[in-house]
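What follows is a single structure, written as structure tokens, with notes after it.
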Amino acid sequence: MLMITDTTSHRHLAPLVETVKKALFAAGIDCAVYDEVNKNPTTEHVEAALLMAKEVDADCLVSVGGGSTHDAAKAVRALYNNPHQASVYDIEGVEEIAEGFIPLLKHVTVSTTSGSSAELSRLAIITDAVHHEKISIIDSRLTPTVTCNDTLFLLSQPPNLVASSGMQALSHAMEAFLSTASSPITDAAALHAIRLIHAYLRRAVQSPTLLDGEDEYMKAHEMLTYAEFLSGLAFN
């Protein structure tokens with residue numbers, strides 16, 4: 001198994017990564033770690049993580065972090081065991097991953113933010129490190145196998161990150177609701193996400209001492225977790 005994460009620029013992730021590693025070890029699962037991903041993953045990150053996955057003969061991917069780590073893992077997943085396509089440039093676009101090779105690795109996402117919805121979407125954005133362009137990979141087969149959205153993982157985030165993540169989820173929900181491709185199902189998810197963000201985002205960035213205690217603070221973060229999930233379902 002290969003874990004893809006970002007403890008290089010986000011040191012607060014290190015304790016969580018160790019917790020996940022210990023749980024895997026206790027279950028008898030060997031886990032290598034690639035922890036060099038940072039904001040806006042690049043083709044170089046994907047190439048390095050892909051090389052490590054092949055070196056350890058990975059049979060599963062676990063991405064721990066925010067959208068950047070999940071996107072990098074999706075790209076690795078698309079290229080691993082793929083004899084037809086060697087780089088992210090070959091899979092750019094919509095449903096461009098080649099058919100007929102060994103089934104994609106299982107991919108488990110463990111999220112530490114409530115904004116991008118990358119943990120449940122079929123979309124990955126990778127930055128071309130040479131030309132400084134964005135490469136969009138959209139393929140239904142990249143939808144992660146299992147996603148873990150645990151509110152406890154979000155409580156260590158600084159208020160500014162909670163606020164910006166919440167606004168990102170709000171923009172996704174609004175985009176889905178206003179889309180000409182919307183449906184009653186996507187509208188229902190998007191509208192409820194908007195209601196939850198409106199009701200709970202301010203509370204989630206406040207100190208627990210300014211609210212009615214830890215329970216109210218925890219509830220605010222839990223509702224944002226649901227809101228982000230719903231907005232991701234809507235736009236995906």
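The values are calculated or read from the model by the stated rules, or taken from the named source; none is laboratory data. Remember, predicted model here, so these are calculated numbers, not experimental data. Note that each Cβ is placed from the backbone with ideal geometry, even for glycine, and that neighbours are counted across all protein chains shown. Heavy atoms of the whole protein, side chains included, go into the accessibility calculation; ligands, DNA and RNA do not. Shrake-Rupley method; radii C 1.70, N 1.55, O 1.52, S 1.80 Å.
Please find, among Ser156, Ser165, the residue that is assigned to a loop (DSSP other than H, G, I, E, B), of a type in the set (Gly, Ala, Ser) and either at pLDDT below 95 or under 20 Å from the mean Cα position of the chain (by Cα) (or both).
Every option except Ser156 fails the conditions.
Mind checking which pairs have a first residue in region 178-193 that is closer than 13 Å to Phe235 by Cβ and a second that is of a type in the set (D, E, K, R), Cβ under 9 Å, 6 or more apart or different chains?
Ala190/Glu175; Ala193/Glu228
Residues in region 4-18: is at least one more than 15 Å from the chain's Cα centre (by Cα), free of Cβ contacts under 8 Å to residues at least 24 places away in the same chain, under 24 Å from Ser156 (Cα atoms) and not in a helix (DSSP H, G or I)?
Yes; the residues of region 4-18 include at least one that is more than 15 Å from the chain's Cα centre (by Cα), free of Cβ contacts under 8 Å to residues at least 24 places away in the same chain, under 24 Å from Ser156 (Cα atoms) and not in a helix (DSSP H, G or I).
Just to be sure, is Ser114 hydroxyl-bearing (Ser, Thr, Tyr), modelled with pLDDT under 90, under 28 Å from Cys60 (Cβ atoms) and open to solvent by 70 Å² or more (accessible area, probe 1.4 Å)?
It is false that Ser114 is hydroxyl-bearing (Ser, Thr, Tyr), modelled with pLDDT under 90, under 28 Å from Cys60 (Cβ atoms) and open to solvent by 70 Å² or more (accessible area, probe 1.4 Å).
Quick one: in region 30-65, of everything that is among the small types (Gly, Ala, Ser) and open to solvent by 20 Å² or more (accessible area, probe 1.4 Å), which residue is nearest to Ala86 (Cα to Cα)?
Ala48
Do you know which residues across region 117-142 are crowded, with 20+ Cβ neighbours inside 10 Å and assigned to a loop (DSSP other than H, G, I, E, B)?
Scanning region 117-142 gives Ser117, Ala118, Glu119, Ser121.
Only one residue in Tyr226, Tyr217 is on the phi < 0 side of the Ramachandran plot, touching a Lys or Arg at 6+ places or on another chain (Cβ under 8 Å) and surrounded by 14 or more Cβ atoms within 10 Å (Cβ to Cβ). Which one?
Among Tyr226, Tyr217, only Tyr217 is on the phi < 0 side of the Ramachandran plot, touching a Lys or Arg at 6+ places or on another chain (Cβ under 8 Å) and surrounded by 14 or more Cβ atoms within 10 Å (Cβ to Cβ).
Identify all residues within region 73-99 that are under 11 Å from Leu50 (Cα atoms), open to solvent by 20 Å² or more (accessible area, probe 1.4 Å) and either without any contact (Cβ under 8 Å) to a residue 24 or more places away in the chain or part of a helix (DSSP H, G or I) (or both); write none if there are none.
Result: Ala86, single match.
Restricting the first residue to region 54-68 and requiring it to be modelled with pLDDT of 95 or more, which pairs with a second residue that is open to solvent by less than 60 Å² (accessible area, probe 1.4 Å) and basic (Lys, Arg) meet a Cβ separation below 7 Å and a spacing of at least six or different chains?
So the pair list comes out as Leu61/Arg77.
From the list Ser136, Ser165, Ser183, Ser207, pick out the single residue that is in contact with an Asp or Glu (Cβ under 8 Å, 6 or more places away or on another chain), of a type in the set (Ser, Thr, Tyr) and more than 23 Å from Val17 (Cα to Cα).
Testing whether each residue is in contact with an Asp or Glu (Cβ under 8 Å, 6 or more places away or on another chain), of a type in the set (Ser, Thr, Tyr) and more than 23 Å from Val17 (Cα to Cα) leaves just Ser136.
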